[in-house]
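Undergrad: Handing you this structure, nothing more for now.
The values are calculated or read from the model by the stated rules, or taken from the named source; none is laboratory data. Quantities reported herein were computed from a predicted structural model and do not represent experimental measurements. Because the Cβ atoms are built from the backbone with ideal geometry, glycine has one as well, and the counts that use them run over all protein chains shown.
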Amino acid sequence: MKKAMKKDERREEIRQDLLDQLERNGTVGKFYTDLVEDYMGLYDIKTGLFEDIRDRGEKVPVVTAAGMETGKKTNDSVPDLLKVSAQMLKIMDSLGLDTDEPTNTGGDGDGEADRL
């Protein structure tokens, strides 16, 4: 339960940092805050993809309809993660925001890459 709280806190810190950056840049309006919410939705998807890769690995078994394993293939979460990350960067670019760590965190090393 503690890990889930930490993830929720980190998510909210990132969300708030993005909104703070918009305000500092003078970028205001519902359109921009909606893009931040889109970004956070992608953040949630990205987190799930990282968890799937951590849990099942980069390669997963290929199972036939008869239930026989015929080898391994790349976990579908790997290319999906790349697509989601690229879209997140496009949103950041569209908003004119940087990708630095949230300004109100101490950089505790709890980034996605650390979790794999």
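Undergrad: For the structure I just gave you, tell me whether K83 is modelled with pLDDT under 95 and under 12 Å from the mean Cα position of the chain (by Cα).
TA: On the way: modelled with pLDDT under 95: no; under 12 Å from the mean Cα position of the chain (by Cα): yes.
Here the answer is no, as K83 does not meet what is asked.
Undergrad: Now, a different point. Take the residues in region 28-84 that are over 29 Å from D8 (Cα atoms) and among the small types (G, A, S); name whichever of them is surrounded by the most Cβ atoms within 10 Å (Cβ to Cβ).
TA: Among those residues, the one meeting the criterion is G71.
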